[in-house]
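The next block holds one structure in the form of structure tokens; read it before the comments.
Coordinate-derived values only; no laboratory data. Keep in mind that this is a model prediction, so the values were computed, not measured. Positions of Cβ are backbone-derived with ideal geometry, glycine not excepted, and every protein chain shown enters the neighbour counts.
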Amino acid sequence: MNIQGQAALVTGGGSGLGEATARELARLGAKVAVLDLNMENAERVAKEINGIAVKCNVSDPDSMAQAIESAAAAHGPARILMQIAGIGSAKRVVGKDGNAAPLEDFAKVINVNLIGTYNAARLFAAACAKLDPMEDNARGVMVFTASVAAFDGQVGQQAYSASKAGVVGMTLPMARDLAQHGIRVCTIAPGLFKTPLMETLPEPVQASLAASIPFPARLGKPSEFAELAVHIVHNNHLNGEVIRLDGALRMAPR
């Protein structure tokens, strides 16, 4: 798909991997809607890329539907969805106090990362399926965000790993489901990236994490995630695939 002139939605577009992806889409000529709960961040990015900022909670059906409608009113119907919004969690099943982890903590992560991804996908797909087909009878493309934790999650990552494994698990069946509508679905599973969340860690910790990556022995750059995301859009034969982007990293138990 030629990105030039296309309307694109980027959830979690106000920072980190989402911000880098929004910027790369805009650089390639897309009309970008930056969807985020943090409107200060969203408005900053949108202003700098000549896009629009839309407040959005991906796990809320009404909020996501309204965000899609607002973006369409400004840019026309979107053919590109970058589903990058998500949250992290680290909690042992049995805590140091001997008590079981609160169920609501697990449910919150599943609700945002997995149910939120499905919610964004179903609403985007329903709107995209109504559009006229383009080359190869294509109508649109969705890129989800998983994590290497979907495959080798660490101690305490039960909720996060389960949520991201769920995203991995629905990629192929959703691609098959939406093939009749000409909508492709792929997922990127990033490893350790230099995001704002990572930058809150002390420098020695960041350096230690970077050293655990076989090659290149550094944290991933958000721009590298963005480059892969837009390549998926460009390449019409990429569909139903989960791509690890991790410098050959395999996470240790802890």
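Brief remarks on what is shown
- Among residues of the stretch 212-229, those that are in contact with a Lys or Arg (Cβ under 9 Å, 6 or more places away or on another chain) and buried (at least 17 other Cβ atoms within 10 Å of the Cβ), counted: 4
- When restricted to residues that are closer than 26 Å to residue 158 by Cα and out of contact with any strand residue (DSSP E or B) (no Cβ under 9 Å at 6 or more places or on another chain), the stretch 57-113 contains 26.
- Meets criteria (over 23 Å from residue 26 (Cβ atoms), surrounded by 15 or more Cβ atoms within 10 Å (Cβ to Cβ) and more than 19 Å from the chain's Cα centre (by Cα)) for residue 101: yes
- Extreme residue, surrounded by the fewest Cβ atoms within 10 Å (Cβ to Cβ), among residues of the stretch 153-211 that are touching a residue at least 40 places away in the same chain (Cβ under 8 Å) and charged (D, E, K, R): 176
- Members of the stretch 144-184 found to be closer than 22 Å to residue 195 by Cα and among the β-branched types (Val, Ile, Thr), listed by number: 145, 148, 155, 167, 168
- Qualifying strands (runs of 3 or more DSSP E) (wholly inside the stretch 1-112; at least 2 residues being within 20 Å of residue 139 (Cα to Cα)): 7-11, 31-36, 80-83
- Candidates 80, 68, 52, filtered to the one that is in contact (Cβ under 8 Å) with a residue 60 or more places away in the chain, touching a helix residue (DSSP H, G or I) at 6+ places or on another chain (Cβ under 8 Å), β-branched (Val, Ile, Thr) and under 27 Å from residue 183 (Cα atoms): 80
- When 184, 218, 176, 254 are checked against the criterion of being basic (Lys, Arg) and under 16 Å from residue 89 (Cα atoms), 254 stands alone in meeting it.
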